[in-house]
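Asker: Dumping the structure here so I can ask a few things about it.
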Amino acid sequence: MNKVVIESVSQKKNSKKFVIKTNKDEYVMTEDTIIKFHIFKDCEFSEKEFDKIIYDVKISEVFNKVLNYLNYGPRSELEIMLYIQKNDKEKSLKSKDYDEIISRLKSLNYVNDEIYAKQIVEYYKESKGKNYIRQYLKDKKVDFSIIEKSVILFENDDEIETGLKIAN
């Protein structure tokens, strides 16, 4: 069986990424991956082991893209799932990997449809009505019970006030 030998490990300038040169090819990996798999110069892996490492690198790349996507605003679980599918260009990840990424984001509290729904209510309550907010959240596939709990935050007085603002 062929072995993959690490010929060099060098850090990219001003980055937490590393260029890994092997006897087969060159790869870019994060410091987390290097630590997780104990990658250093002159290290040897079977091709099967190294394929697992490369697969892990792909999952990490998608996860980091999702984190960047979340920097631009709150997202529903559906939006995250669609974004993951869109960024898995090679279609090399399995649906269990998608679920694992979502689960990891949930455990870090980056994806939480209840918080998302409350944020949407707060954002739109000055300019839109309850029905608009319900439909918006429904389109994002937020659970009905979560939608109803969140819309309760929208007081009837707020809706009247918003209607008057829009009318004026």
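The values are calculated or read from the model by the stated rules, or taken from the named source; none is laboratory data. Everything numeric in this text was worked out from a predicted model, so none of it was measured. Using ideal geometry, Cβ is built from the backbone for each residue, glycine included, and neighbour counts are taken over all protein chains shown. Keep in mind that these areas ignore ligands, DNA and RNA; they rest on the heavy atoms of the full protein, side chains included. Shrake-Rupley method; radii C 1.70, N 1.55, O 1.52, S 1.80 Å.
Asker: Answer with yes or no whether Ile80 is of a type in the set (A, V, I, L, M, F, W, C) and more than 10 Å from the chain's Cα centre (by Cα). Please lay out each step first, then the result.
Answerer: Working: of a type in the set (A, V, I, L, M, F, W, C): yes; more than 10 Å from the chain's Cα centre (by Cα): no.
Taking the combined requirement at face value, the residue does not satisfy it.
Asker: Something else about it: Please work out which one of (1) open to solvent by 40 Å² or more (accessible area, probe 1.4 Å); (2) without any contact (Cβ under 8 Å) to a residue 60 or more places away in the chain; (3) closer than 24 Å to Tyr136 by Cα; (4) not hydrophobic (A, V, I, L, M, F, W, C) is the condition Glu77 fails and give its number.
Answerer: The single condition Glu77 does not satisfy is (2).
Asker: Restricting to segment 42-66, count the residues that are open to solvent by less than 50 Å² (accessible area, probe 1.4 Å) and of a type outside the set (Asp, Glu). Even if it seems obvious, please write down each step before you answer.
Answerer: Quick first cut of segment 42-66, residues open to solvent by less than 50 Å² (accessible area, probe 1.4 Å) only: 43, 45-46, 50, 53-54, 56-57, 59-60, 62-63, 66.
Subset that is of a type outside the set (Asp, Glu): 43, 45-46, 50, 53-54, 57, 59-60, 62-63, 66.
Of the residues in that region, 12 qualify.
Asker: Return only the number of the condition from (1) open to solvent by less than 90 Å² (accessible area, probe 1.4 Å); (2) free of Cβ contacts under 8 Å to residues at least 12 places away in the same chain that Lys96 does not satisfy.
Answerer: (1)
Asker: Here's another thing I want to ask about it. Can you find, within segment 134-146, the residue that is surrounded by the fewest Cβ atoms within 10 Å (Cβ to Cβ) among those that are in a helix (DSSP H, G or I) and within 22 Å of the chain's Cα centre (by Cα)?
Answerer: We begin by selecting, within segment 134-146, every residue in a helix (DSSP H, G or I); these are 134-139, 144-146.
Keeping just the survivors that are within 22 Å of the chain's Cα centre (by Cα) gives 136-139, 146.
On the way: Tyr136: 18, Leu137: 24, Lys138: 12, Asp139: 10, Ile146: 18.
The extreme case among them is Asp139.
Asker: Only residues that are under 21 Å from the mean Cα position of the chain (by Cα), outside any strand (DSSP E or B) and surrounded by fewer than 16 Cβ atoms within 10 Å (Cβ to Cβ): list them for segment 9-37, please.
Answerer: Looking only at segment 9-37, we keep the residues that are under 21 Å from the mean Cα position of the chain (by Cα), and these are 15-17, 28-33, 36.
So of that shortlist, the ones also outside any strand (DSSP E or B) come out as 15-16, 31-33, 36.
Once the filter is applied, which keeps residues that are under 21 Å from the mean Cα position of the chain (by Cα), outside any strand (DSSP E or B) and surrounded by fewer than 16 Cβ atoms within 10 Å (Cβ to Cβ), segment 9-37 yields Ser15, Lys16, Glu31, Asp32, Lys36.
Asker: In segment 99-133, which residues are touching a Ser or Thr at 6+ places or on another chain (Cβ under 9 Å) and loosely packed, with under 12 Cβ neighbours inside 10 Å?
Answerer: Glu126, Ser127, listed by residue number.
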